[in-house]
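Following: one structure in structure tokens, then a few remarks.
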Amino acid sequence: MTQKNPEISKGIDWSLIGLYVVLSLIGIIAIFAATYRDTDPIIQSFFQFKTDYSRQFYYFIIALILGFFVLLTDSKFFTATANLWYFVGIIILLLVFPFHSRIKGTESIIRIGGFQFQPAEFCKICVALALAKYISRPETNFSKPKSQIIAAAIALFPSLLSILQRETGLALVYFSFFLVMFREGLPSIILIIGFAIAALVVATIVIEPNVLAIILTVIAALVIYFNRRTIKRNRGMLVVVILLWFVCVGIQRFAVPFAFKHVLQKYQVERIYSLFGKDNPYQEGEEEVTPDAKRKANQSNYNVRQSKIAIGSGQLWGKGLLKGTQTRYDFVPEQRTDFIFCTIGEGFGFAGSIVLLGIYLILLFRIITIAERQRSVFSRCYAYGVAGVFFFHIAINLAMTVGLAPVIGITLPLISYGGTSLITFTIMIFILVRLDADRHMVLR
């Protein structure tokens, strides 16, 4: 019986690699189902690099080769070069500004010949490594606000650059790195504040501004009334309540309108308001709503409607491979990228969708299990960074395709078409596998 090379395979978590391979193959099949044409010779087209599914197949081979080289790398290399990779990632993000190509409304892509490269995707690896490096330093005391602010800056600086490149979807992904910080001791009150702000933003959208201001005032008055005895003993509580009231009203009256007018694109605001069945109140005149903005907003609504029709038409068992109507005849735009899930939903039905979600859940649980068995803080933080990025992509993409979240251009990990996305997720997973194989070492 032959044995695997112990230098390569010792300690390797083959179950995680197996899940990665299964999801990647499902992605190739889904892209094939969405883009195959009856006139295409199936076997030949897979090796000609002319169809999307053949290109994704070659990207998968390239990703596997890169993953193999990652497995051959000493784990100490990643700790030693983590800050260098972050620096390289930021430089590449900055190069987008003078050398970008404007594609589908985003300015975050660099075109090299016939290839497209999105640095914001690649930079997720750099942030995961740099954040793990910073938190694992012996001199870092993560219980102190200074360390927490620096860690947040490491995660969110690339997000700011992505927003400036009109890539809001990937910019939001970097907030997933807060999962690492919460695991390492970031106070839960920050998470509560984050959810409260999100709820306030939603309330600002669905409730008339003056009515919402009155509601906030009534809530503050009730808090003061029911805590009047405590307030008599501690006047500081009254100051806190009034300050919170000012902050909430300020967010509702000034911060949200400013973000919707000057940070987000008009079509993105239209998408958000259409999600709640509302008209955009921040258009000051018909002349400010450009035809391009209207087209993008209408296209987004159309995408979601067709996606829900495709998923619903699959019913329990689906229509079968290459037998869908919505996805086979291009009723769903971007069905090979952002809306790839509707191809699976239509072709393989509710059963196939549940199987895919089950594989993703097993993948996430496996990553968390690997994270918790690490002796090294660096390896644990990196693993939670990988888990956070995967969870955010999966949750937002699925919510987007069924109309529960605005369309913001988030890919489905290892399934959606795209070389940069596939290679990025591959490298993230294989670095984790390499670190886990050396979990007996304490890395810093």
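Tabulated results
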read-out: Efficiency of FRET between ILE190 and ARG37 - r from beta-carbon atoms, R0 35 angstrom, step 0.05; value: 0.10
read-out: Computed lengthening from ILE12 to LEU94, 0.36 nm per intervening residue step minus Cα-Cα distance; value: 25.9 nm
read-out: Ordering of 131-142, 207-218, 413-424 by packing [mean C-beta count within 10 Å, highest first]; value: 413-424, 131-142, 207-218
read-out: Length added when fully stretched, LEU25-SER143, from 0.36 nm per residue minus Cα-Cα; value: 38.2 nm
read-out: From the coordinates shown, Rg and Dmax of the Cα atoms in Å corresponds to which of (1) 24.0, 75; (2) 26.9, 123; (3) 23.8, 81; value: (3)
read-out: Region 48-63 versus region 391-444: alpha-carbon centroid distance in Å; value: 19 Å
read-out: Cα-only radius of gyration and Dmax that characterise region 305-390, units Å; value: 17.1, 52
read-out: Bins of 10 Å from zero: percent of alpha-carbon pairs in region 344-390; value: 28, 35, 22, 13, 2
read-out: Pairwise FRET efficiency - ILE215 versus LEU84, Cβ, R0 = 41 Å, nearest 0.05; value: 0.20
read-out: Region 104-171-region 346-375 distance, computed between alpha-carbon centres (Å); value: 25 Å
read-out: Relative contact order of the chain, pairs being alpha-carbon contacts under 8 Å that are 6 or more residues apart, as %; value: 26 percent
read-out: 10 Å binning of all Cα-Cα separations within region 132-189, expressed as whole percents from 0 upward; value: 23, 48, 24, 4
read-out: Residue-averaged 222 nm ellipticity for the chain, from DSSP H runs of 4+ at -39500 (n - 2.57), nearest 500; value: -21500 deg cm²/dmol
read-out: Amide H within-cut-off set for SER108, under 5 Å, with H built and near neighbours excluded; value: ILE103
read-out: Peptide ranges 85-95, 29-39, 64-74 listed from the most packed, as the mean C-beta count within 10 angstrom indicates; value: 29-39, 85-95, 64-74
read-out: Global form of region 162-248, assessed from the alpha-carbon gyration tensor, a/c cut-off 1.5; value: oblate
read-out: Region 75-185, relative contact order in percent, only Cα pairs under 8 angstrom and at least six apart counted; value: 26 percent
read-out: Region 75-185: C-alpha gyration tensor shape, a/c 1.5 cut-off, then a/b vs b/c; value: prolate
read-out: FRET efficiency, 1/(1 + (r/R0)^6) with R0 22 Å, evaluated for HIS440 and GLU372 via beta carbons; value: 0.90
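Coordinate-derived values only; no laboratory data. What you see is a predicted model; the values in this text were computed from it and never measured. All Cβ positions, glycine included, derive from the backbone under ideal geometry; neighbour counts span all protein chains shown.
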